[in-house]
Amino acid sequence: MADTDAVVQPRKKGLTRRQKRSLSRGAQYAVFVAAVIAFAVSADWGRLKNQFAQADIAEQMFPDVITLALKNTVLYTLSGFAVGLVLGMVIALMRLSSVGPYRWFAGVYIEIFRGLPALLIFIFIGVAVPLAFPGTEIVGGTYGKVALALGLVAAAYMAETIRAGIQAVPKGQMEAARSLGFSPARAMVSIIIPQAFRIILPPLTNELVLLFKDSSLVLFLGVTLEERELSKYGRDLASTTANSTPILVAGLCYLLVTIPLGFVVRRMEAKAQEAVK
Amino acid sequence: MTAKTLGGPPEIQVRALYKSFGDNEVLKGIDLEIGRGEVVCVIGPSGSGKSTLLRCVNLLEEPTKGQVFVGGTELTDPDVDIDAVRRRIGMVFQQFNLFPHLTVTENLTLPQRRVLRRGKAEAARVAAENLGRVGLAEKADAYPSSLSGGQQQRVAIARSLSMGPEVMLFDEPTSALDPELVGDVLAVMRRLAEEGMTMMVVTHEMTFAREVADRVVFMDGGVIVEDGTPARVIGAPRHERTRHFLSRLLDPAMAEVEEETSDQVGGSD
């Protein structure tokens, strides 16, 4: 740096640090503005509007996109979340168990289901299982299949989150509970897990957001008209109308849920940060 | 203190107790008896094993060897119902360990309801009574985080008392407190002692030990060095190690010089 000759020469030649900084910032703004202008000029606005923002096609999507598609997306997400939470809790407790095989099993489960693409699990549940066992029916039809597929994947992530939450509860809490005469199981249920859930509420909500998006994989299950969720609904309509407006509308419907949820998570995280002081 | 009549079997009995953490032997053969209604203060430098000993008495630490009896029941018997025995032993921690997700009253009622299976009304009555005893009746609906350290510790004492213990163990109950908050906690403990509770107190509060304890036990290096009346152990220590420790307590600047004695264990206090 030229800073070294500052001692010799207080007012050095060339740019000062402040000048350099404002020059650099100016350049960054200039590049950004140039890029926006270049895009605005080169884009074929008429065509874009035609392809993505046709008001009459968008209009024709309502109310079904909400009452059917969004409703099903929410339903799939919540049922998958419920299965994932219960299963994740079991796996987390197994992971923390003093019984070796339980820990081992939980570890293998987590590695497998975190390592596989969710799509593969959907295909497995939706195609492979019915093919292999023609007689068996998964309870709840499509809803059951989706809940199971989403739940299996979510459980692996949630198990690790729940385990971390349980371990984040100070050791003294278990000691206090035990010295009051709580059995280990009762202390876990009454004292430790309630505190763990407070800690992991933000990451669990994040997991809900992820599941909300992953529910789009239902697309690959083959569902009836009544069972379509946002992505499938948007895609079907896009192909019948030969227009991409439905995709845009479906996308906006996702954001309608994910953005507020993300906001809630940040609020919770900020509050938790505050509680720690 | 008026001498207490200490008839019958000892309330707490520790026999040839050893405890190691890995290669580190923290307790090296402890024998100790505490009679019913007796108040015993355990003092000693950090790393002397005094907290470990206390934690062995309700089996929060599993002894490596030796026996612990409380109220005639052997805790070290592998077939003992440890949860049942612990209901009779109250424990107060240095870090209070209140349940932060519960109000003060819930901290006192939940253990009674879940562990002792008391009814709602009875648990609430016992909780209110014990909150009154520690002078915090007005904090019944507060959450622990809104209380001062001294108040939290008094709630923790009330929580233990709500279980109706026969013995109370205190693990440096005032060490985490700001100096001006220590007095309230010690006052509660003093009253408890006067009411005849059997107490084993690991502490650095020499004034408390001198005025309230029936006996003072000085530990160093995992063994009991001296055991006697406060006047004897604190007032006229026989052993060089006790004298060293007490002079360091009175004049902390001396600590630098003596540091090499026995400061390895860490952890438990």
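The values are calculated or read from the model by the stated rules, or taken from the named source; none is laboratory data. Here the structure is a predicted model, which is why all the values come from computation and not from measurement. Glycine also receives a Cβ, built like all others from the backbone with ideal geometry; neighbour counts cover every protein chain displayed.
Okay, here's what the table says:
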| read-out | value |
| --- | --- |
| Test: residue B:98 is among the aliphatic types (A, V, I, L, M), in a loop (DSSP other than H, G, I, E, B) and out of contact with any strand residue (DSSP E or B) (no Cβ under 9 Å at 6 or more places or on another chain) | yes |
| So residue A:196, is it without any contact (Cβ under 8 Å) to a residue 24 or more places away in the chain, in contact with a helix residue (DSSP H, G or I) (Cβ under 6 Å, 6 or more places away or on another chain) and within 13 Å of residue B:99 (Cα to Cα) | no |
| Meets criteria (in contact with a helix residue (DSSP H, G or I) (Cβ under 7 Å, 6 or more places away or on another chain), facing chain B (nearest Cβ under 9 Å) and of a type in the set (A, V, I, L, M)) for residue A:159 | no |
| Region A:90-123, residues that are over 26 Å from residue A:221 (Cβ atoms) and surrounded by 14 or more Cβ atoms within 10 Å (Cβ to Cβ) | A:92, A:93, A:94, A:95, A:96, A:97, A:102, A:103, A:105, A:106, A:107 |
| Check on residue B:90, closer than 21 Å to residue B:159 by Cα, among the small types (Gly, Ala, Ser) and part of a strand (DSSP E or B) | yes |
| Among the residues listed as A:272, A:242, A:238, A:250, the single one being within 14 Å of another protein chain (Cβ to nearest Cβ) and of a type in the set (Gly, Ala, Ser) | A:272 |
| Test for residue A:140: is it surrounded by fewer than 17 Cβ atoms within 10 Å (Cβ to Cβ), at pLDDT 95 or above and over 23 Å from the mean Cα position of the chain (by Cα) | no |
| Residue within region B:84-94 that is away from every other protein chain (no Cβ under 13 Å) and aromatic (Phe, Trp, Tyr) present | no |
| Boolean, residue A:177 is within 14 Å of chain B (Cβ to nearest Cβ), buried (at least 22 other Cβ atoms within 10 Å of the Cβ) and free of Cβ contacts under 8 Å to residues at least 60 places away in the same chain | yes |
| Test set (1) within 12 Å of chain B (Cβ to nearest Cβ); (2) surrounded by fewer than 19 Cβ atoms within 10 Å (Cβ to Cβ); (3) within 30 Å of residue A:73 (Cα to Cα) - residue A:213 fails condition number | (1) |
| Residue within region B:161-170 that is of a type in the set (D, E, K, R), touching a Leu at 6+ places or on another chain (Cβ under 9 Å) and within 28 Å of residue B:84 (Cα to Cα) present | no |
| Residues satisfying the stated conditions in region B:134-182, i.e. in a helix (DSSP H, G or I) and of a type in the set (S, T, N, Q) | B:145, B:146, B:151, B:152, B:153, B:160 |
| Filter result (in a loop (DSSP other than H, G, I, E, B) and within 12 Å of chain A (Cβ to nearest Cβ)) within region B:43-61 | B:58, B:59, B:60, B:61 |
| Residue tally, condition surrounded by fewer than 19 Cβ atoms within 10 Å (Cβ to Cβ) and either facing chain A (nearest Cβ under 10 Å) or free of Cβ contacts under 8 Å to residues at least 24 places away in the same chain (or both), over region B:63-75 | 2 |
| Some residue of region B:62-74 being under 23 Å from residue B:231 (Cβ atoms) and part of a loop (DSSP other than H, G, I, E, B) | no |
| Only one of B:110, B:98, B:116 that is among the aliphatic types (A, V, I, L, M), within 14 Å of chain A (Cβ to nearest Cβ) and without any contact (Cβ under 8 Å) to a residue 24 or more places away in the chain | B:110 |
| Test result for residue A:64, under 17 Å from residue A:243 (Cβ atoms) and over 30 Å from the mean Cα position of the chain (by Cα) | no |
| Test for residue A:222: is it out of contact with any strand residue (DSSP E or B) (no Cβ under 7 Å at 6 or more places or on another chain), more than 14 Å from chain B (Cβ to nearest Cβ) and more than 21 Å from residue A:114 (Cα to Cα) | yes |
| Lone unmet requirement of (1) part of a loop (DSSP other than H, G, I, E, B); (2) more than 8 Å from chain A (Cβ to nearest Cβ) for residue B:131 | (1) |
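Every residue, every condition in (1) modelled with pLDDT under 95; (2) crowded, with 23+ Cβ neighbours inside 10 Å; (3) within 25 Å of residue B:53 (Cβ to Cβ), yes or no:
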| site | (1), (2), (3) |
| --- | --- |
| B:126 | no, no, no |
| B:131 | no, yes, no |
| B:154 | no, yes, yes |
| B:175 | yes, no, yes |
| B:179 | yes, no, no |
| B:182 | yes, no, yes |
| B:189 | no, yes, yes |
| B:197 | no, no, yes |
| B:217 | no, yes, yes |
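Here is a yes/no grid of residues against (1) among the hydrophobic types (A, V, I, L, M, F, W, C); (2) more than 26 Å from the chain's Cα centre (by Cα); (3) within 14 Å of chain B (Cβ to nearest Cβ); (4) over 16 Å from residue A:215 (Cα atoms):
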| site | (1), (2), (3), (4) |
| --- | --- |
| A:126 | no, no, no, no |
| A:130 | no, yes, no, yes |
| A:154 | yes, no, no, no |
| A:170 | no, yes, yes, yes |
| A:185 | yes, yes, yes, yes |
